[in-house]
Amino acid sequence: MDYIISIIPQMLMGTVDTLRLFFITIVLAIPLGILLAFCRVSSFKLLRDVVAAYVYVLRGTPLMLQLLFVYFGLPFIPVIGIRLDDFPAAVLAFVLNYGAYFCEIFRAGLQAIPRGQFEAAKTLGMNYAQTMKRIILPQVFKIILPPVSNETITLVKDTSLIYVLAMNDLLRTTRNLVQRDFNIMPFVVAAVFYLVMSMILTYGFNKLEKHFARWD
Amino acid sequence: MRKIEAKSICKKFDDLEVLKSIDMTVDEGEVVAIIGPSGGGKSTFLRCLNKLETINGGTIIIDGETLVSTDENGNVRYADNSSRIACRMGMVFQQFNLFPHMTVLENLMEAPVHVQKRNPAEVQKEAEALLEKVGLLDKRDQYPLRLSGGQQQRVAIARALCMKPDIMLFDEPTSSLDPELTGEVLKTMRNLAEDHMTMVVVTHEMGFAREVATKVLFMADGYIQEQGTPEEVFGNPKNERLKSFLKSILK
Ligand SMILES: Nc1ncnc2c1ncn2[C@@H]1O[C@H](COP(=O)(O)OP(=O)(O)O)[C@@H](O)[C@H]1O
Ligand SMILES: [Mg+2]
């Protein structure tokens, strides 16, 4: 028990990095996904195709590969060859990847709204922005809540991939402690940390789903 | 006064010519019923009137203002303010299309407050009066999906009326209702007609067309095949398509 208490401060430090990546990714990837989804259903064929290809590549290759590519590979690319620090590189890779997933979720949500909703709004004189903001998006949010909840919980666990960039997130901190102390207790504590984070998210999403269920 | 004037309306979906040349005039306070076989273009015509579909030829004048016109060379031109003209017509759909995430009262108030920018307190009063009129004031804080089909459709009618439209368009308003629920919706529409609302109603309810309409149009194959008073159209049909249509539907 004393041992556990003694390692908790360090593990909390690691958790801070994990949470930082998590929140920044969520805050950037969701708007990116919404933007991409609108491109994906736009009447511009070229735009639609470009975004479709983007989504295809980002969902069809491992996030780990994308992470390594952004960190180690980008500097070698002519012209744009920039070298990012580990944390910005991780954020970039995660946002691009999760943006693609959120794009597909939003697209499916948008397309699930019956055409009659758009038509009713139009006959009431609402313009595109009003229709989206007041009629369509609230209904889309309800539909996409379960898949977004899934993705978000997956993201908590995926943050551990930044381990390969030698950043001291929760997982790497844990492994360092295990190696230093020859004790596997940190693994158990790390599992509990991840579980608590997932639990809080699940609880939050359940609340949201209840809130949205008031109209059916 | 002339409320709707539609001349030589033509509408194609790719190669499918759904409306070949449709003419219709509606005067203030008239109730026009459009009947005809399914697939004949009735919905499409109604949707052309309020710009849910864009036409390929013809002219539409609403309340003296040109919504869309076609020049000698066949170029179709919509007025710059066509959207504003179009939403002077309230529309009631077969599938109700209420906004499920808003209460009944919010459904009614949404567009008057956010589109017409009217005073919310006044709009609320009018909305409540309209709900009272369609017999649903006690449902004002319910969400639409909790209501029966007939109640939803009456809310949809009240929602359209809350915009203070000059004209009401109905596209088979009772076709997705159980038979025992059509009566309440038809009664609401009857009351509206008695209040001298100008109405265009696509319907399979021949009883309603016969008793309430001032004019009946029979549409098939992209044309108005016959039109006249209910007595003429139902009592003494001339067109062969109309005769067989009436026979099939009254069986
Ligand atoms: N958006 C559309 N795209 C292609 N064809 C359509 C579309 N809407 C209607 N149609 C076709 O136009 C014809 C007339 O349809 P509609 O106006 O709904 O007839 P009605 O209301 O008289 O039953 C039908 O053959 C239908 O398949
Ligand atoms: Mg129809």
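Computed from the coordinates by the stated procedures, all read-outs in this text should not be read as laboratory data. Since we're looking at a predicted model, the values are computed, not measured. In this analysis, Cβ positions are derived from the backbone assuming ideal geometry, glycine residues included, and neighbour counts consider all displayed protein chains.
Among A:167, A:126, A:199, which one shows the highest mean-square fluctuation when chain A is modelled as a Gaussian network with alpha-carbon springs under 10 Å? Judging by the Gaussian network model, the answer is A:126. The residue A:192 and residue B:1 beta-carbon pair, evaluated with R₀ = 60 Å, returns a calculated FRET efficiency of approximately 0.20. Comparing mean-square fluctuations of B:147, B:192, B:217 from a GNM of chain B with C-alpha springs under 10 Å, the top value falls on B:147. Taking B:72, B:172, B:126 in turn, the Gaussian network model of chain B (Cα-Cα springs below 10 Å) assigns the largest fluctuation to B:72. Mean per-residue shielding of peptide B:26-32 is 0, counting Cβ atoms of other chains within 10 Å of each Cβ. Computed per residue of chain A from DSSP H runs no shorter than four, each worth -39500 (n - 2.57), the mean residue ellipticity at 222 nm is -25000 deg cm²/dmol. Rounded to the nearest angstrom and listed largest first, the equivalent-ellipsoid semi-axes of segment A:143-216 from its Cα gyration tensor are 33, 13, 6. In this rough spin-label picture, where each label sits 7 Å from Cα along the Cβ direction, the residue A:64-residue A:23 distance is 2.9 nm.
Remark: relative contact order (chain A) = 28 percent; criterion is Cα-Cα distance under 8 angstrom and separation of 6 or more residues. With a 10 Å cut-off around each Cβ of A:113-121, the average count of Cβ atoms from other chains is 5.
Give the shape of chain A as rounded, prolate or oblate, defined through the alpha-carbon gyration tensor: a ≥ b ≥ c are the square roots of its eigenvalues, a/c under 1.5 means rounded, and otherwise the shape is prolate if a/b is larger than b/c and oblate if not. Here chain A falls in the oblate category. Taking a ≥ b ≥ c as the square roots of the eigenvalues of the Cα gyration tensor, segment B:1-46 is oblate, since a/c reaches 1.5 or more and a/b is not larger than b/c. Its Cα centre serving as origin, the protein assembly as shown has a Cβ charge dipole (Lys and Arg +1, Asp and Glu -1) of approximately 700 debye. Taking a straight line from the alpha carbon of residue A:133, these lysines sit under 16 Å away, with near neighbours fewer than eight places off in the same chain left out: A:122, A:142. Ranked for footprinting exposure by Cβ neighbours inside 10 Å, fewest first, B:20, A:133 give A:133, B:20.
Averaged over the residues of A:14-20, the number of partner chain Cβ atoms lying within 10 Å of the residue Cβ comes to 0. The peptide list A:172-182, A:2-12, put in order of mean Cβ contacts within 10 Å with the highest first, becomes A:172-182, A:2-12. Each Lys or Arg adds one and each Asp or Glu takes one away; over the other residues whose Cβ falls under 14 Å from the Cβ of residue A:115, this sums to -1. Over the Cα atoms of chain B, the radius of gyration divided by the Kirkwood radius equals 0.97; this is the Rg/Rh ratio. Working ranking of peptides B:203-210, A:57-64 by packing, defined as the average number of other Cβ atoms within 10 Å per residue, highest first, is B:203-210, A:57-64. Shown is the FRET efficiency for residue A:50 and residue B:83, computed with R0 = 25 Å from the Cβ-Cβ distance and rounded to the nearest 0.05: 0.20. Here the Kirkwood formula, the inverse mean of 1/r across different C-alpha pairs, assigns segment A:5-56 a hydrodynamic radius of 13.5 Å. Residue pairs exceeding 31 angstrom between C-alpha atoms, taken from A:45/B:11; B:11/B:117; B:11/B:164; A:210/B:164; A:207/B:139: B:11/B:117; A:210/B:164. Rg over Rh for segment B:102-143 works out to 0.96, both radii taken from alpha-carbon positions and Rh defined as the Kirkwood radius. Derived from the Cα gyration tensor, the three semi-axes of the equivalent ellipsoid of the protein assembly as shown are 59, 26, 18 Å, largest first.
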